[in-house]
Each structure stands twice: as structure tokens, then as C-alpha cells.
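Data block below; observations after.
The values are calculated or read from the model by the stated rules, or taken from the named source; none is laboratory data. This is a predicted model, so every value here is computed, not measured. Every residue, glycine as well, gets a Cβ built from its backbone with ideal geometry; the counts of neighbours run over all protein chains shown.
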Amino acid sequence: MADIASNASLPRRGRDRHALWRGLAVPAGLIVLWTIAARLPGNHSQLLVPLDTVLAAPFVDDSGREIWLGLAQSVARLAAGFSIGAIAGVAFGLFTGMSQSADRAIGPSVHALRQITLFAWIPLLSAWFGNGESAKIVFIVLSAFFPTALNTHEGLRAIPVQYLELANVMNFSRRQRVLRLLLPGALPSIFVGIQVALISGWIGTVGAEYMLGVGRGLGIFIAEARGQFRMDLVLVGVLMLALVGFAINTVCRRVFRHLLRWQGGTS
Amino acid sequence: MSVAYALGPQPELRIQSVSKSYRIDNEPLAVLKNVSFDIAAGEFVSVVGASGCGKSTLLRLIIGLDTDYEGDILLGSRRIEGPGPERGIVFQEHRLFPWLTVSQNIALGLENIDPAEANERVAENIALVGLAGFETVHPHQLSGGMAQRAAIARALVTRPEILLLDEPLGALDSLTRTYLQNELHRIWRQERITMIMVTHDVEEAVYLSDKIVVMEPRPGRVRSIVPVRLDHPRHRASAEFAAIKEEIFSSLS
């Protein structure tokens with residue numbers, strides 16, 4: 001095995017470390033500026049609270065502690081909406097990606113619908129489904145559906161023609177063609193779709209909560225805090241929103257890299 | 001060879017006045033014109049020619065990827081109308097599926113037979129191409145030469161009668177190339193199957209073949225068929241070897 005080259009990832013890891021420090025420079029600078037501004041004599045504004053007050057809010061403040069329940073509700077909502085949307089999206093993408101006639105029949109309609117900005121659906125959805133749980137879930141389903149459908153479809157289309165030829169020459173059965181070639185070949189792209197869907201589903205979750213109100217959730221927490229001019233709580237909410245997004249990206253990247261380790265260092 | 005001829009006087013593969021043209025801007029463009037030659041069972045035949053002579057197109061017709069042609073390509077008495085298990089192919093690029101290990105790639109053609117027998121045949125063919133120890137490795141971890149060996153094993157595992165080779169060593173460095181030429185010769189000897197190789201390397205063709213079909217381009221036609229009656233192992237530096245090379249080069253130009 002000595003002549004197998006597999007240490008191509010080593011220099012990249014080294015570069016990553018530097019990139020991380022460089023990437024931290026701007027946020028660190030902003031935090032310093034923020035701290036200085038908030039501590040300037042004469043600042044008693046509720047709109048500019050120091051960082052430590054913001055960070056302590058979810059633990060010491062009674063209204064602040066509400067964020068945990070809201071977060072749990074939002075994540076549960078995301079899980080429900082994402083599952084439905086992603087499964088439907090992958091299934092739809094597989095269908096249009098494998099069948100030319102299906103693609104010609106429904107592809108254009110889907111592409112037209114996709115052009116509609118996601119949040120433009122909200123008035124329509126609230127008219128149809130009200131302000132309750134179902135309108136929010138449908139919105140999350142939509143935000144997860146399009147990225148997965150599109151990326152699954154593109155993943156199938158991008159399978160090299162050389163592999164398809166090989167499948168012909170080797171007389172692949174239909175089952176073999178799907179399980180050994182089409183699905184694994186489209187997998188990297190499907191994973192990209194799933195990651196994008198999780199992020200857009202998360203934005204969709206908080207956005208729908210914020211705009212529709214009613215019930216619990218991180219978006220509703222932020223909306224209420226804003227109504228009460230509690231900028232510390234608004235900022236905590238925004239921070240939490242970003243943290244969940246960051247976690248989604250990190251977990252996806254790790255899990256998918258592990259599942260796609262057959263790609264070697266090329267991706 | 002005596003064994004092969006003992007099976008009967010019929011050539012294994014018969015290419016009879018094969019013509020093929022594509023339509024480009026509604027103008028027919030002839031790629032192959034009236035190509036005819038026979039290949040005996042167990043023979044090693046090379047097809048050489050300048051690019052554009054249609055040698056790779058001819059191979060696509062024989063493997064059955066393209067069935068839209070005039071004339072006949074006869075396998076025994078049957079006209080080729082598509083791919084079949086009696087023909088295997090190795091392309092210039094290995095075309096191993098990157099998501100499968102070496103042995104999974106080689107086993108692709110055996111999914112409808114008894115798993116125990118499939119495993120045995122995969123192991124046999126991995127040993128044949130000298131990849132023992134690399135069964136669980138993914139293609140990205142292989143060198144170009146090793147990947148091409150795996151592709152040869154994948155083509156041989158279904159026990160085809162004819163192995164088609166489309167510039168199989170063309171993308172390899174010259175050392176690996178010389179080495180794999182010897183390997184290819186050994187495999188041909190050991191398996192006693194018919195091999196048809198398209199190449200642009202005249203020396204490679206003379207080194208390996210019983211017969212060399214020289215083609216000329218626009219439209220692709222057979223210019224000459226040169227038999228190579230040298231004993232193996234052949235010596236590239238010998239006068240006879242050089243003479244045949246010279247004959248082919250003069251036929252090419």
C-alpha cells in the first residue's frame with residue numbers, strides 16, 4: 001500500500017488553520033468596537049446593550065430563559081417540515097432525473113414556481129392554512145423541497161456519459177443501474193441539496209414564526225422581544241439562530257465528507 | 001492457436017463491408033467506408049491508424065454501443081445488434097465507479113450468479129491482473145496503471161470470448177505502458193481469448209499482435225492488413241521487428 005498516495009489532504013488542513021484565524025479577525029474587531037461603544041459614558045440606551053448582558057440573558061433573565069423552549073419548538077418544527085420536504089424533493093428529483101418525459105412534462109412548472117421568492121408564499125399560505133402550525137410546516141416543506149429536488153435532478157444529469165455507456169456494455173439490469181450507478185453517482189449532489197435545504201428550512205422556520213406569530217418558537221421569541229424593546233433578547237435570538245445554522249453546516253460537512261470518503265481528496 | 005483452429009474453420013468475428021456515417025448539419029459524413037476483415041478465435045488483432053480513421057468507431061460497433069451501420073458484423077453467424085456477455089471492453093479511461101471498491105467494481109458483472117462463485121471468480125481475476133491485496137481499495141487510491149488492471153479484470157470476470165481494448169494503455173506513462181503490454185500478453189496467453197486492440201502506438205501493435213489492420217482516414221478504410229509472424233517473446237530491437245514496424249509506418253503515410 002506504500003505507493004498509494006493518500007496524504008493529499010495534509011497541506012489543506014494546515015491552510016484551514018490559518019484561514020480560521022484570519023476569518024475570526026473581523027468578528028473580533030466588531031466585538032471590541034461594540035463593547036467600547038456600549039460602555040461609553042452617557043450610553044443608557046436600551047438599543048445598545050453590552051455583550052455580557054446579551055450572553056447572560058438566556059441564563060439569568062426570566063424572559064430570556066424562554067428562549068430554550070422556543071428553540072426546542074423551532075428545531076422540532078424544522079425536523080418535521082424538513083423531513084417531509086426533503087423526502088418529497090429527493091423523490092421528485094429522482095423521478096424527473098431518471099425519466100426524460102417526466103422532466104419535460106413537469107420540469108418547466110417546477111422551475112417557474114421556484115422563481116417565486118420563498119417569503120412571497122407567506123400571505124397565500126396564511127390565507128389557506130391560517131396562522132397556526134400547518135401554515136408554518138407547509139412553508140418549511142416548501143423551503144426544503146426545492147433545493148433537494150433541484151440538486152437531486154442535477155446530480156443524476158451530471159453522471160458522466162462514460163459510466164452510462166459502461167452500464168450498457170455490461171448489460172446492467174434496471175435495479176443495478178439505479179442502485180449501483182444512478183443513486184451513488186448522484187449522492188454528492190443530493191447531499192449538497194440536503195445541506196442547502198436544512199439551511200433554507202431553518203431560515204424558513206424562523207421567518208415563518210416571525211411573520212405568522214402564534215405559539216412558541218425562536219422567531220416568535222425574537223418578534224416578542226422586539227415588541228418589548230428588549231434588544232438584549234433580540235440579539236440573543238439572532239445569535240441562537242446563527243449558532244443553529246453554523247451547527248447544521250458543521251454537522252453536514254462532517255457527516256457527508258465521511259459518507260463520501262470514496263471521493264478521496266478531490267472534493 | 002492450434003486449439004482455436006481445431007474448433008472449426010469459421011472465423012470468430014467477421015466484419016463485412018461495414019460503413020458508418022454521421023449526419024452533421026444535414027450533410028452525411030462518412031466515418032467508415034467498406035471495412036472488411038476477419039478475426040479468428042484466439043487471435044490478437046490490432047487496429048492502427050491516424051486519428052479520424054474511425055478505429056474507435058469500429059470498436060463501438062463491435063461492442064454494440066452503436067447498432068446503426070451498414071454491412072454486417074457477424075459473431076459466428078449472428079449479426080451484432082447490441083452489447084452481449086460474450087464481448088468485454090476496456091476503455092482508455094478505466095471507468096471504475098469511484099464509490100465502489102476494486103473488488104466491488106470487478107464483481108459488477110456477476111450480480112446475477114451465486115455469490116460464492118462470484119467471490120471466487122473476482123478473486124481469480126484480481127490475482128490474474130496482479131491486484132491481490134487491493135480488493136478493498138477505492139479507485140482514487142490507485143495509480144493509473146493499477147486502475148487499468150482493475151478495468152481489465154472487470155472486463156474478463158464475465159469470461160467473454162472477445163476482449164475489445166480501446167487504446168487501453170494510451171493514457172499511461174511509458175514505463176507502466178511497457179510493463180502492462182507484457183501483462184496483457186501474459187493474460188492473452190493464459191486466458192486464450194480473442195483480443196482486438198485499437199492503438200496509435202505501432203510498436204505496441206507489433207509487439208502484441210498476430211495481425212495488424214492499418215486504417216486510413218476520411219473516410220475510414222482498411223489500407224492494409226499486416227500479419228506479424230514473430231515468435232514470443234518478441235524483441236523490440238530485432239531487425240525483423242523493425243522491418244514490420246517500417247512496413248506499417250510506410251503503409252500509414
- Message: Can you report the number of residues in segment B:73-91 which are more than 10 Å from every other protein chain (Cβ to nearest Cβ) and part of a loop (DSSP other than H, G, I, E, B)?
- Response: 5
- Query: Taking the stated definitions as given, is A:ALA223 under 16 Å from the mean Cα position of the chain (by Cα) and either farther than 30 Å from A:HIS153 by Cα or aliphatic (A, V, I, L, M) (or both)?
  - Reply: no
- The residue from B:LEU96, B:LEU100 that alone is within 11 Å of chain A (Cβ to nearest Cβ), crowded, with 21+ Cβ neighbours inside 10 Å and assigned to a loop (DSSP other than H, G, I, E, B) is B:LEU96
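Say we look at segment B:51-70 and pick out the residues that are more than 14 Å from chain A (Cβ to nearest Cβ) and surrounded by fewer than 18 Cβ atoms within 10 Å (Cβ to Cβ); which of these is nearest to B:LEU13 (Cα to Cα)? So that I can check it myself, show each step before the final result.
Taking segment B:51-70 and keeping what is more than 14 Å from chain A (Cβ to nearest Cβ), we get B:51-55, B:58, B:68-70.
Now drop any that are not surrounded by fewer than 18 Cβ atoms within 10 Å (Cβ to Cβ), which leaves B:51-52, B:68, B:70.
Working: B:SER51: 24, B:GLY52: 23, B:ASP68: 18, B:GLU70: 16 Å.
In this case the residue turns out to be B:GLU70.
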- Note on the structure: Checked A:ILE190, A:ILE199, A:ILE248, A:ILE194 against criteria (of a type in the set (Val, Ile, Thr) and within 14 Å of chain B (Cβ to nearest Cβ)); the one match is A:ILE190
- Message: Just to confirm my filter: which strands (runs of 3 or more DSSP E) fall fully inside segment B:136-253 and include at least 2 residues that are over 26 Å from B:ASN105 (Cβ atoms) and in contact with a strand residue (DSSP E or B) (Cβ under 9 Å, 6 or more places away or on another chain)?
- Response: B:211-216, B:221-227
- Of all residues in segment A:164-179, which are buried (at least 17 other Cβ atoms within 10 Å of the Cβ) and either at positive phi or in contact (Cβ under 8 Å) with a residue 12 or more places away in the chain (or both)? A:ALA167
- Item | Selection count, segment A:161-219, where residues are closer than 24 Å to A:ALA149 by Cβ and among the aromatic types (Phe, Trp, Tyr) | 3
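Based on this model, can you work out whether A:ALA25 counts as assigned to a helix (DSSP H, G or I), at pLDDT 85 or above and surrounded by 10 or more Cβ atoms within 10 Å (Cβ to Cβ)?
Considered against the rule, which asks whether it is assigned to a helix (DSSP H, G or I), at pLDDT 85 or above and surrounded by 10 or more Cβ atoms within 10 Å (Cβ to Cβ), A:ALA25 comes out as no.
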- Message: Conditions first: (1) modelled with pLDDT of 95 or more; (2) within 12 Å of another protein chain (Cβ to nearest Cβ). B:GLY144 passes all but one, so which condition is the exception?
- Response: (1)
- Listed residues B:ILE212, B:ILE196, B:ILE187, B:ILE152; which is without any contact (Cβ under 8 Å) to a residue 60 or more places away in the chain, buried (at least 21 other Cβ atoms within 10 Å of the Cβ) and under 13 Å from the mean Cα position of the chain (by Cα)? B:ILE187
- Query: Is it true that A:ALA149 is in a helix (DSSP H, G or I), small (Gly, Ala, Ser), within 14 Å of chain B (Cβ to nearest Cβ) and surrounded by 20 or more Cβ atoms within 10 Å (Cβ to Cβ)?
  - Reply: no
- Task: Check whether at least one residue in segment B:105-126 is more than 22 Å from B:GLY42 (Cα to Cα), surrounded by fewer than 17 Cβ atoms within 10 Å (Cβ to Cβ), touching an Asp or Glu at 6+ places or on another chain (Cβ under 6 Å) and within 13 Å of chain A (Cβ to nearest Cβ), and report yes or no.
- Result: no
- Task: Please name all residue pairs, on different chains or six or more residues apart, with Cβ atoms under 7 Å, provided the first residue is in segment A:61-85 and is within 20 Å of A:LEU150 (Cα to Cα) and the second residue is of a type in the set (Lys, Arg) and surrounded by 14 or more Cβ atoms within 10 Å (Cβ to Cβ).
- Result: none
